[in-house]
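Participant: Next up is a structure, given as structure tokens.
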Amino acid sequence: MNKLRPTKCVYCGSSAKSTRDHVPPKLLFAPPLPNLCTVPSCSDCNKSFQKDDEYLRLILTMRKESFDNLGAKAVLPSVLRSLQRPRQARFTSSFFRQCGQIEMRSRGGLYLGNSPGYTVKWSRIERAMARITRGLFYYEQKKPIPKGHQVVSWAEDNLYLLSNNLQTQLKQKLVLPLIKETPTVFGESVFRYWFKFLSETESNSVWLFEFYGRTRFIAFVADRDPNRLLERLGDKLNPSTDKEKPTPA
């Protein structure tokens, strides 16, 4: 990917001397690295991402859905080595305390019983998704997300926690049409993403990220409550046939 000219940090807006941040995080990939996109980031922001990046990689590679993915298999030795480092002792201990029997549910929210697993610290995943969204927004638009906009995200597996109406809108009007489009791919089976702008402002947008071929997250960039944004844009997301050809859901 072509590198962008250095400017203010895309994450905090600082004018301090910038470094280059890889989006998505480069530690998700085994060598040789694919040609990742980079965006300007101040040193403080860049350093602050490291622990969340490592946590994201751990959570993704430990999912049973990732066990047969070649990209996940390739980085697993690095994940296991990182857990054995003395400076990671507290992190490793905390992670294993979160392991045990957990409730298993289908993507529709149906209870499937208990199974060995671990509890995810969603706040850390949210930070990682927000960082990736902000980085890719800049890469695609050549400008940062405007001030006052929110970045919110959900794991596709957790959509059952939302209202039935919002679940339907997300799946039928956004997710299914998006995945029919050609994604941008990094590392073949490691990471790919789709996006769609939802208004004429070219700021409100939806992003779909897929890691290691299975695990998906949905992120919104919105200048208002994303739930209200979806409701107000319902007609635009499902246009009538006299305006343009509708996308099958």
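Participant: Restricting to the stretch 11-40, what's the tally of residues that are closer than 19 Å to Arg57 by Cβ, in a strand (DSSP E or B) and touching an Asp or Glu at 6+ places or on another chain (Cβ under 6 Å)? Outline the logic, then answer.
Facilitator: Within the stretch 11-40, the first condition is being closer than 19 Å to Arg57 by Cβ, and the residues that meet it are 21-34, 36-38.
Restricting the remaining residues to those that are in a strand (DSSP E or B) gives 21-23, 37-38.
Filter once more, so that each one left must be touching an Asp or Glu at 6+ places or on another chain (Cβ under 6 Å): none.
Total satisfying the criteria: 0.
Participant: Could I ask something else about it? Quick one: Gly213 ticks every box in (1) of a type outside the set (A, V, I, L, M); (2) crowded, with 20+ Cβ neighbours inside 10 Å; (3) farther than 24 Å from Cys42 by Cα bar one, so which box is it?
Facilitator: (2)
Conditions tested, residue by residue: (1) without any contact (Cβ under 8 Å) to a residue 12 or more places away in the chain; (2) more than 28 Å from Ser163 (Cα to Cα).
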site	(1), (2)
Ala30	no, yes
Cys37	no, yes
Asn46	no, yes
Arg85	yes, yes
Ser94	yes, yes
Tyr111	yes, no
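Participant: Please tell me if Tyr111 is of a type in the set (Ser, Thr, Tyr) and not assigned by TED's automatic domain parsing to the domain that holds Ile218. Break it down stepwise before answering.
Facilitator: Working: of a type in the set (Ser, Thr, Tyr): yes; not assigned by TED's automatic domain parsing to the domain that holds Ile218: yes.
Yes; evaluated as a whole, the condition is true for this residue.
Participant: Is one or more of the residues making up the stretch 115-122 in a helix (DSSP H, G or I) and either touching a Lys or Arg at 6+ places or on another chain (Cβ under 6 Å) or closer than 30 Å to Ser203 by Cα (or both)? Talk me through it step by step, then tell me what you get.
Facilitator: Going through the stretch 115-122, the residues in a helix (DSSP H, G or I) turn out to be 122.
Then keep just the ones that are either touching a Lys or Arg at 6+ places or on another chain (Cβ under 6 Å) or closer than 30 Å to Ser203 by Cα (or both); that gives 122.
Yes, the stretch 115-122 contains a residue that is in a helix (DSSP H, G or I) and either touching a Lys or Arg at 6+ places or on another chain (Cβ under 6 Å) or closer than 30 Å to Ser203 by Cα (or both).
Participant: Let me ask something else about it. What's the number of the only condition in (1) more than 30 Å from Met104 (Cα to Cα); (2) in contact (Cβ under 8 Å) with a residue 12 or more places away in the chain; (3) of a type in the set (Lys, Arg); (4) assigned by TED's automatic domain parsing to the domain that holds Cys99 that Arg57 fails to meet?
Facilitator: Among (1) more than 30 Å from Met104 (Cα to Cα); (2) in contact (Cβ under 8 Å) with a residue 12 or more places away in the chain; (3) of a type in the set (Lys, Arg); (4) assigned by TED's automatic domain parsing to the domain that holds Cys99, the lone unmet condition for Arg57 is (1).
Participant: Right, something else. I'd like the full set of residues that are among the aromatic types (Phe, Trp, Tyr) and either within 19 Å of the chain's Cα centre (by Cα) or over 15 Å from Arg214 (Cβ atoms) (or both), limited to the stretch 57-114. Spell out how you get there, then give the answer.
Facilitator: First, the residues of the stretch 57-114 that are among the aromatic types (Phe, Trp, Tyr): 67, 91, 95-96, 111.
Phe91, Phe95, Phe96, Tyr111, listed by residue number.
Participant: Please go through the stretch 48-86 and pick out each residue that is among the charged types (D, E, K, R) and either buried (at least 16 other Cβ atoms within 10 Å of the Cβ) or part of a helix (DSSP H, G or I) (or both). Give the derivation first.
Facilitator: Filtering the stretch 48-86 down to residues among the charged types (D, E, K, R) leaves 51-54, 57, 63-65, 68, 73, 81, 85.
Lys51, Asp52, Asp53, Glu54, Arg57, Arg63, Lys64, Glu65, Lys73, Arg81, listed by residue number.
Participant: In the list Leu174, Leu162, which residue meets the criterion of being modelled with pLDDT under 85 and surrounded by fewer than 20 Cβ atoms within 10 Å (Cβ to Cβ)? Give the derivation first.
Facilitator: Working: Leu174 fails: surrounded by fewer than 20 Cβ atoms within 10 Å (Cβ to Cβ).
After applying the criteria, what remains is Leu162.
The values are calculated or read from the model by the stated rules, or taken from the named source; none is laboratory data. Being a predicted model, the structure only gives us computed values, none of them experimental. Positions of Cβ are generated from backbone atoms using ideal geometry, with glycine treated the same way; all protein chains shown enter the neighbour counts.
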